[in-house]
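The values are calculated or read from the model by the stated rules, or taken from the named source; none is laboratory data. What you see is a predicted model, and the numbers here were worked out from it, not measured in a lab. Heads up, the Cβs are rebuilt from the backbone with ideal geometry, glycines too, and the neighbour counts pull from every protein chain shown.
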Amino acid sequence: MTFARGTPVAAAYSDGRAVSFCCAVSATESLWDISVDTVPEYRNRGFAARCVPVMARHMLPLLPVWAAEESNTPSMRLAAKLGFVPVDALDVFHRHS
């Protein structure tokens, strides 16, 4: 994952190695959009679930929002685990090669 200079990032570590990251990919006057990623071999071990709350505290008073395609089951499951609930739907279009 690449971050713009000055972008705050929360990270979770395993044996001294940063393995999961959370940052705000965009923000408005009241909301920020969560971006979270974990090194593949460390997924499903709770690292991302530790990063998001740290970043959320850092971003206060802005409120976090989570966007994920319904087909992204791991993201949907993590969002639910962290207390996010669906409030709207959005059509996502992909360009075919």
Pro61 fails exactly one of (1) out of contact with any helix residue (DSSP H, G or I) (no Cβ under 6 Å at 6 or more places or on another chain); (2) modelled with pLDDT of 95 or more; (3) surrounded by 14 or more Cβ atoms within 10 Å (Cβ to Cβ); (4) not aromatic (Phe, Trp, Tyr), namely (3)
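Working only within the stretch 68-89, note down all residues that are surrounded by 12 or more Cβ atoms within 10 Å (Cβ to Cβ) and charged (D, E, K, R). Please lay out each step first, then the result.
Applying the first criterion (surrounded by 12 or more Cβ atoms within 10 Å (Cβ to Cβ)) to the stretch 68-89 yields 68, 72, 74-82, 84.
Listed by number, the residues that qualify are Arg77, Lys81.
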Reported set for the stretch 9-50 where residues are aliphatic (A, V, I, L, M), part of a strand (DSSP E or B) and within 20 Å of Glu69 (Cβ to Cβ) is Ala24, Val25, Leu31, Ile34, Val36
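Part of a loop (DSSP other than H, G, I, E, B) and more than 12 Å from the chain's Cα centre (by Cα): does that describe Val87?
Spelling it out, Val87 is indeed part of a loop (DSSP other than H, G, I, E, B) and more than 12 Å from the chain's Cα centre (by Cα).
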Within the stretch 1-28, residues at pLDDT 90 or above and among the aromatic types (Phe, Trp, Tyr) come out as Tyr13, Phe21
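Could you tell me whether any residue of the stretch 45-58 is among the aliphatic types (A, V, I, L, M), out of contact with any Phe, Trp or Tyr (no Cβ under 9 Å at 6 or more places or on another chain), in contact (Cβ under 8 Å) with a residue 40 or more places away in the chain and surrounded by 10 or more Cβ atoms within 10 Å (Cβ to Cβ)? Break it down into steps so the answer makes sense when it comes.
Initial filter on the stretch 45-58 (among the aliphatic types (A, V, I, L, M)): 48-49, 52, 54-56.
Still in the running and out of contact with any Phe, Trp or Tyr (no Cβ under 9 Å at 6 or more places or on another chain): 49, 54.
Filter once more, keeping what is in contact (Cβ under 8 Å) with a residue 40 or more places away in the chain: 54.
From what's left, surrounded by 10 or more Cβ atoms within 10 Å (Cβ to Cβ): 54.
Scanning the stretch 45-58, I find at least one residue that is among the aliphatic types (A, V, I, L, M), out of contact with any Phe, Trp or Tyr (no Cβ under 9 Å at 6 or more places or on another chain), in contact (Cβ under 8 Å) with a residue 40 or more places away in the chain and surrounded by 10 or more Cβ atoms within 10 Å (Cβ to Cβ), so the answer is yes.
Given the criterion assigned to a loop (DSSP other than H, G, I, E, B) and out of contact with any Pro (no Cβ under 6 Å at 6 or more places or on another chain), identify the matching residue among Pro74, Pro53, Pro61. Break it down stepwise before answering.
Details: Pro74 fails: assigned to a loop (DSSP other than H, G, I, E, B); Pro53 fails: assigned to a loop (DSSP other than H, G, I, E, B).
Answer to the selection: Pro61.
Counting only residues that are among the acidic types (Asp, Glu) and over 11 Å from the mean Cα position of the chain (by Cα), which one in the stretch 1-52 is farthest from Gly83 (Cα to Cα)?
To start, the set of residues in the stretch 1-52 that are among the acidic types (Asp, Glu) comprises 15, 29, 33, 37, 41.
Those left that are additionally over 11 Å from the mean Cα position of the chain (by Cα): 15, 29, 41.
Values: Asp15: 28, Glu29: 22, Glu41: 25 Å.
Filtering first and then ranking leaves Asp15.
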